[in-house]
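Notes to accompany the following structure.
The values are calculated or read from the model by the stated rules, or taken from the named source; none is laboratory data. Computed from a predicted model, the values in this text were never measured in an experiment. Cβ coordinates were reconstructed from backbone atoms using ideal geometry, including for glycine residues, and neighbour counts include every protein chain displayed.
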Amino acid sequence: MKQTTKGYLAIILHSHLPFVRHPEYEESLEEDWLFQAITETYIPLLTMLERLENDGVPYRITISLSPTLVAMLNDWLLQERYVKRLEKLSELAAKEVERTRWDERFNRLALMYHWIFNTTKRLYTDTYKRDLVSAFRKLAEGGNVELITCAATHGYLPLMSINPNAVRAQIEIACEYHERNFGKRPQGIWLPECAYEPGLDAILKACGLRYFFVDTHGLLNATPRPRYGVFAPIYCPTGVAAFGRDMESSRQVWSAHEGYPGDWYYRDFYRDIGFDLDYDYVRPYLHGGVSRVFTGIKYYRITGPGEKQPYDPHAALLRAEVHAGNFMFNREKQIEFLNDFLGRKPIVVAPYDAELFGHWWFEGPQWLELVMRKSAYDQKVYSLATPSEYLKLHPRCQVATPSLSSWGWKGYNEVWLDGSNDWLYKHLHWSADKMVEIARMGDWGNAVKGRALRQAARELLLAQASDWAFIMKTATAVAYAVRRTREHIANFIRLYEDIVHDSIDIEWLSRLESKDNIFPELNYAVYAESDNALAGSSGGLPVSKK
Amino acid sequence: MKKDLLKKTRRDLLDLARKLGVTGRSKMKKADLAAAIAKAMRKPKKAGKKMVTSKTPGKQRKARVPVRQTTLVRRSWREQQAVVQHAKYEVKVGKLPHEVRKAAEALELPSAYGETRIVLLVRDPYWVHVYWEVSRDDLLKAKQSLREEWPKAKSVLRVYDVTDVDFDGTNANSYFDIEISGGATNWYINTGVPNRTYCVDIGLKTPTGRFLPLARSNRATTPRDAPSEVTDVEWMVPDWEFERIYALSGGLQYGMGSAELVQLVQKALGGEVSSGAPASFGVSSIVGERRGRGFWFRLGTELIVYGATQPDAKVTLQGRPVHLRQDGTFTARFELPDGKQVIPAIAESADGSERIEITPTVTKKTRRKG
């Protein structure tokens, strides 16, 4: 990191998918979420970062990998199925090469997809040996990439904190799993949905975390007033640092109107042959085999008003370059100005969903690579930094408590707490309380009981995933989200009863273990901590029953 | 002891018997069950109790569960003991209402857990949410306590403002009541003022104004919707400068500042610059382009060329080999662009001695109106 620059840009990618693993079905629609993300986002990101490494580019990036995602990347069944899926897609792409023979505009795209699927398969099986987690670990060991964690199953913490043990378990299990996979405890955490509430930092601290992120208003509305706005982190009274999201750099990428991904030359996300082509022809390649879904083969560019035009990868790459240059230019201006104005080196924090790059915004990984290269060689105003690096160089920061906030619609808890999903919390809270109760009872050396306790924790964690509430609210795959929540809670209830009655059905338990097999080494004792070890809980008063 | 037991229902006794590990319990009559339970209770309990008094559990447990080496998880023996003892006093252990278990077995969720409880959750600076459940027992007690006033009593949420107060039930800054109707078990409450701490009772209110609380919620504090008024002596910043920092943080123009600022920043925050939604995988199965774009129409044209020959023959289409099925048939399918396509199809016998060429020509023209 160049010391002579006027400030820092910290690019944060948050990667997460809920745990979708269905051994009970031959193919499941939801597993394809993972497969698409591997092909379109994770492998392109890895190869992009490896190119930067090989070329010796001085870059920095912070990537959070949610524990559920890591668990899925580690899972042999999903690995197996992913390879099969790639083979299927490669076959479809080969057919497309034939079918589009008379139309050069589409034919070269069909060839491109054929190449992408085959290359991806070769990378996945031969280069990475199906182990993307180790590939990320290797990058992190190079020092340019900082890997951080997320809550164990991406639980929405402010709506869970009525039981602080449940929150602590989400954090501690995540940190342990991170250590197991990446060799050391994480320094930082991406809070699920960027959702923070005062007091949460005490739990982060107890788990050894040094920093997290809040949305812009969470930092701006901190108490007392933050002297440098979002351009310097603040320390919570517990000493954990909070970095605030910069709006300007966010908007340039996220905004539906001004954002880069909406450029007319970029690939159109929606025009997928899974929807566009004759049903009988594509049906064998639709994952799940029934309804029309994405295949990943998309032939059109966004175009703008009027008839959609075929996608032109070269023209799109040129746009990505222009956009990367524009992004760099804007950061230069911004950071130069802020440096003068604040009298301190500002840090501009730009967090994005990783899946935005590649999956939603096809050219995103190229854009990101160009931003990194340009930042390294085409300007001298700012340097790229990770939050840990920044804190090392600038350990003196103001002490203030961020305010409750999230990065969801409207900025608070509403997305995860409204008429479509509020019924969840009764069950989640009840289960969390019971989990604490049985964890405190312990297993007393009874191996089966230990297994049941671990499985109960897994079921609770899986039920807590914020994804379910989000899906219910956005009304996309509601039935699936409802079913998942129900199943996990129902499984939990049965396990709870069986545990306290010493009547564990081993066969059933084994089935559950092999189905919901996340976090094999989970330590359920984290639920048993006594309450007073958890300072700053919001669950103040005991419930009185008069 | 047995007399006391006989007052219980058979199902309660069965539960108890199961907990105590009484064998053959399901076939016993109530009296026998009670006797067996009384006998089992005289014996020292097998699991928990015995272990607590010995000194091994703490150690055993440490050895068995691989515990990370931090102050966090590692407990002193004494703390461990406290945890265990606490567990011993958990009275509700295992007494789930029958319906809860039944629902779980059908992979359904129980509608109630048979426990009295009210929970307060924050939604945003202006709204909080409560959900509650009152057990049948507690409701019966309330009925007894209210006597003749019972039929006229109404369910009420009492919302206390307990900001900066160590609340004891009487010293709230203020409170207001919300009458609950229609058997609701949850409610959204508009509190109006951000950055306050609330606590909510669910209770019964009689026409005479008497309030009988059934359960009290946790405390919860709504967030601010604007910057704090509290300034830091050490990190002091004049108002005008803070306004600019605020504007800059919100991604607004450098020159901006004034009273509308907060509003503008909030709009920027709450509006289109959000997370997740567009890239979410949950959305994948919906073609968003079709949303809100009114009427649309798409048309594609494909040409299918198919035929049959001897299974061991070789066939080419436009000079490229075609894969024959086992019975010698083939199908090829092409996206058909506008213009003229000449499609020479050649079949050659296996020994190369015979050859047939068929060449269709296809012209496509597309017109679009509207």
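Mind counting the residues in the stretch B:128-159 that are under 18 Å from B:THR185 (Cα atoms), touching a helix residue (DSSP H, G or I) at 6+ places or on another chain (Cβ under 6 Å) and at pLDDT below 95?
Counting residues in the stretch B:128-159 that are under 18 Å from B:THR185 (Cα atoms), touching a helix residue (DSSP H, G or I) at 6+ places or on another chain (Cβ under 6 Å) and at pLDDT below 95 gives 1.
Please verify whether B:ALA112 is under 30 Å from A:THR216 (Cβ atoms), of a type in the set (A, V, I, L, M), within 11 Å of chain A (Cβ to nearest Cβ) and part of a loop (DSSP other than H, G, I, E, B), treating the condition exactly as stated.
Numbers: under 30 Å from A:THR216 (Cβ atoms): no; of a type in the set (A, V, I, L, M): yes; within 11 Å of chain A (Cβ to nearest Cβ): yes; part of a loop (DSSP other than H, G, I, E, B): yes.
Criteria not met by B:ALA112.
Just the residues that are over 20 Å from A:ILE11 (Cα atoms), in contact with a Leu (Cβ under 8 Å, 6 or more places away or on another chain) and among the aliphatic types (A, V, I, L, M), please, taken from the stretch A:177-229.
Result: A:LEU200, A:ALA202, A:ILE203, A:ALA206.
Suppose the filter is on the phi < 0 side of the Ramachandran plot and away from chain B (no Cβ under 14 Å); does A:THR149 pass it?
Numbers: on the phi < 0 side of the Ramachandran plot: yes; away from chain B (no Cβ under 14 Å): yes.
Answer is yes for this residue.
Among the residues that make up the stretch B:264-275, is at least one of them modelled with pLDDT under 85, among the hydroxyl-bearing types (Ser, Thr, Tyr) and either within 30 Å of A:HIS429 (Cβ to Cβ) or assigned to a loop (DSSP other than H, G, I, E, B) (or both)? Quick ask: steps written out before the conclusion?
Going residue by residue through the stretch B:264-275, those that are modelled with pLDDT under 85 are B:264-275.
From what's left, among the hydroxyl-bearing types (Ser, Thr, Tyr): B:274-275.
This time we only want the ones that are either within 30 Å of A:HIS429 (Cβ to Cβ) or assigned to a loop (DSSP other than H, G, I, E, B) (or both), so: B:274-275.
Yes - at least one qualifying residue is present in the stretch B:264-275.
A:ARG101 versus (1) touching a residue at least 12 places away in the same chain (Cβ under 8 Å); (2) within 28 Å of A:ILE297 (Cβ to Cβ): which is the lone unmet condition?
For A:ARG101, the failing item is (1).
What's the number of the only condition in (1) within 13 Å of chain B (Cβ to nearest Cβ); (2) touching a residue at least 24 places away in the same chain (Cβ under 8 Å) that A:HIS114 fails to meet?
It is condition (1) that A:HIS114 fails.
Are there any helices (runs of 4 or more DSSP H) wholly within the stretch A:141-249 with 1 or more residues that are touching a strand residue (DSSP E or B) at 6+ places or on another chain (Cβ under 9 Å) and at pLDDT below 95, and if so which?
Values: elements: A:164-182, A:200-206, A:216-220.
Because the criterion is at least 1 residues that are touching a strand residue (DSSP E or B) at 6+ places or on another chain (Cβ under 9 Å) and at pLDDT below 95, the helices (runs of 4 or more DSSP H) in the stretch A:141-249 that meet it are A:216-220.
Checking the condition in a helix (DSSP H, G or I), farther than 23 Å from A:GLU31 by Cβ and without any contact (Cβ under 8 Å) to a residue 40 or more places away in the chain, which residue from A:ARG486, A:ARG494 passes?
Values: A:ARG486 fails: farther than 23 Å from A:GLU31 by Cβ.
Testing whether each residue is in a helix (DSSP H, G or I), farther than 23 Å from A:GLU31 by Cβ and without any contact (Cβ under 8 Å) to a residue 40 or more places away in the chain leaves just A:ARG494.
Mind listing whichever residues of the stretch A:264-291 are charged (D, E, K, R) and in contact with a strand residue (DSSP E or B) (Cβ under 9 Å, 6 or more places away or on another chain)? Show your work before the answer.
Initial filter on the stretch A:264-291 (charged (D, E, K, R)): A:267-268, A:271-272, A:276, A:278, A:280, A:283.
Correct list: A:ARG267, A:ASP268, A:ARG271, A:ASP272, A:ASP276, A:ASP278.
Going through the stretch B:111-127 one residue at a time, which ones are within 22 Å of A:MET441 (Cβ to Cβ) and modelled with pLDDT under 95?
B:TYR113, B:GLY114, B:GLU115
Given the criteria at pLDDT 95 or above, more than 23 Å from B:GLY114 (Cα to Cα) and polar (S, T, N, Q), does A:SER466 qualify? Reasoning before the result, please.
Numbers: at pLDDT 95 or above: yes; more than 23 Å from B:GLY114 (Cα to Cα): yes; polar (S, T, N, Q): yes.
Against the criterion (at pLDDT 95 or above, more than 23 Å from B:GLY114 (Cα to Cα) and polar (S, T, N, Q)), A:SER466 qualifies.
Looking only at residues in the stretch A:466-489 that are facing chain B (nearest Cβ under 9 Å) and surrounded by 23 or more Cβ atoms within 10 Å (Cβ to Cβ), which one is farthest from A:TYR527 (Cα to Cα)?
A:ALA477
Listed here are the residues, each with its yes/no results for (1) surrounded by 19 or more Cβ atoms within 10 Å (Cβ to Cβ); (2) not assigned by TED's automatic domain parsing to the domain that holds B:ALA215; (3) not acidic (Asp, Glu).
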{"position": "B:ARG136", "(1), (2), (3)": "no, no, yes"}
{"position": "B:GLU148", "(1), (2), (3)": "no, no, no"}
{"position": "B:VAL159", "(1), (2), (3)": "yes, no, yes"}
{"position": "B:GLU179", "(1), (2), (3)": "no, no, no"}
{"position": "B:TRP187", "(1), (2), (3)": "no, no, yes"}
{"position": "B:ASN195", "(1), (2), (3)": "no, no, yes"}
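Considering B:ALA247, B:ALA279, B:ALA308, which residue is among the aliphatic types (A, V, I, L, M), modelled with pLDDT of 55 or more and buried (at least 18 other Cβ atoms within 10 Å of the Cβ)? Steps first, answer last, please.
Working: B:ALA279 fails: modelled with pLDDT of 55 or more; B:ALA308 fails: buried (at least 18 other Cβ atoms within 10 Å of the Cβ).
The unique qualifying residue is B:ALA247.
Only strands (runs of 3 or more DSSP E) wholly contained in the stretch B:291-370 count here; list those with 2 or more residues that are touching a Leu at 6+ places or on another chain (Cβ under 9 Å). Explain how you work it out, then say what you get.
Numbers: elements: B:302-308, B:314-317, B:329-335, B:339-342, B:345-348, B:355-358, B:361-364.
In the stretch B:291-370, the matching strands (runs of 3 or more DSSP E) lie at B:302-308, B:314-317, B:329-335, B:345-348, B:361-364.
Identify, from the list A:VAL253, A:VAL293, the residue that is assigned by TED's automatic domain parsing to the domain that holds A:GLU30, at pLDDT below 90 and assigned to a loop (DSSP other than H, G, I, E, B).
On the way: A:VAL253 fails: assigned to a loop (DSSP other than H, G, I, E, B).
Only one candidate passes the filter, namely A:VAL293.
Does B:GLU357 count as away from every other protein chain (no Cβ under 12 Å) and surrounded by fewer than 11 Cβ atoms within 10 Å (Cβ to Cβ)?
Details: away from every other protein chain (no Cβ under 12 Å): yes; surrounded by fewer than 11 Cβ atoms within 10 Å (Cβ to Cβ): yes.
The answer is yes for B:GLU357.
What residue, of A:ILE506, A:ILE471, is of a type in the set (A, V, I, L, M), under 25 Å from the mean Cα position of the chain (by Cα) and assigned by TED's automatic domain parsing to the domain that holds A:LYS434?
Details: A:ILE506 fails: under 25 Å from the mean Cα position of the chain (by Cα).
When all the criteria are applied, what remains is A:ILE471.
Can you name every residue in the stretch A:408-426 that is part of a loop (DSSP other than H, G, I, E, B) and more than 7 Å from every other protein chain (Cβ to nearest Cβ)? Spell out the reasoning first.
Taking the stretch A:408-426 first, the residues part of a loop (DSSP other than H, G, I, E, B) are A:408, A:412-413, A:417-423.
Of everything in the stretch A:408-426, those that are part of a loop (DSSP other than H, G, I, E, B) and more than 7 Å from every other protein chain (Cβ to nearest Cβ) turn out to be A:ASP418, A:GLY419, A:SER420, A:ASN421, A:TRP423.
Can you name the residue in the stretch A:259-276 that is within 9 Å of chain B (Cβ to nearest Cβ) and among the aromatic types (Phe, Trp, Tyr) and is also farthest from the chain's Cα centre (by Cα) among such residues?
Per the criteria, the residue is A:PHE275.
Condition first: surrounded by 21 or more Cβ atoms within 10 Å (Cβ to Cβ), more than 7 Å from every other protein chain (Cβ to nearest Cβ) and not small (Gly, Ala, Ser). Now tell me which residues in the stretch B:206-220 satisfy that.
B:LEU214
Show the residue pairs that are 6+ apart or on different chains and have beta-carbon atoms under 8 Å apart, the first residue being within the stretch B:104-120 and within 19 Å of B:LEU139 (Cα to Cα), the second being in a loop (DSSP other than H, G, I, E, B) and among the hydrophobic types (A, V, I, L, M, F, W, C).
Listed pairs, sorted by first residue: B:TYR113/B:LEU96; B:GLY114/B:LEU96; B:THR116/A:VAL543; B:THR116/B:VAL134; B:ARG117/A:VAL543; B:ILE118/A:VAL543; B:VAL119/A:ILE162.
State whether the residues of the stretch A:49-60 include one that is within 19 Å of the chain's Cα centre (by Cα), not hydroxyl-bearing (Ser, Thr, Tyr) and not assigned by TED's automatic domain parsing to the domain that holds A:ASN517.
So far as the stretch A:49-60 goes, yes, one or more of its residues are within 19 Å of the chain's Cα centre (by Cα), not hydroxyl-bearing (Ser, Thr, Tyr) and not assigned by TED's automatic domain parsing to the domain that holds A:ASN517.
Residue by residue, here is whether (1) among the hydrophobic types (A, V, I, L, M, F, W, C); (2) within 18 Å of the chain's Cα centre (by Cα) holds:
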residue: A:PHE182; (1), (2): yes, yes
residue: A:CYS207; (1), (2): yes, no
residue: A:THR216; (1), (2): no, no
residue: A:PRO233; (1), (2): no, no
residue: A:PHE243; (1), (2): yes, yes
residue: A:HIS257; (1), (2): no, no
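Anything in the stretch A:277-290 that is at the interface with chain B (Cβ under 10 Å from one of its Cβ atoms) and at pLDDT 90 or above? List them, or say none.
A:LEU277, A:ASP278, A:TYR281
Pick from the stretch A:427-451 the residues that are facing another protein chain (nearest Cβ under 7 Å) and in contact with a Lys or Arg (Cβ under 9 Å, 6 or more places away or on another chain): which of them is surrounded by the fewest Cβ atoms within 10 Å (Cβ to Cβ)?
To start, the set of residues in the stretch A:427-451 that are facing another protein chain (nearest Cβ under 7 Å) comprises A:427, A:429-430, A:437, A:440-442, A:444-445.
Imposing the further condition that a residue be in contact with a Lys or Arg (Cβ under 9 Å, 6 or more places away or on another chain) reduces the set to A:427, A:429-430, A:437, A:441-442, A:444-445.
Numbers: A:HIS427: 20, A:HIS429: 21, A:TRP430: 23, A:GLU437: 20, A:MET441: 22, A:GLY442: 26, A:TRP444: 18, A:GLY445: 14.
Filtering the stretch A:427-451 for residues that are facing another protein chain (nearest Cβ under 7 Å) and in contact with a Lys or Arg (Cβ under 9 Å, 6 or more places away or on another chain), the one surrounded by the fewest Cβ atoms within 10 Å (Cβ to Cβ) comes out as A:GLY445.
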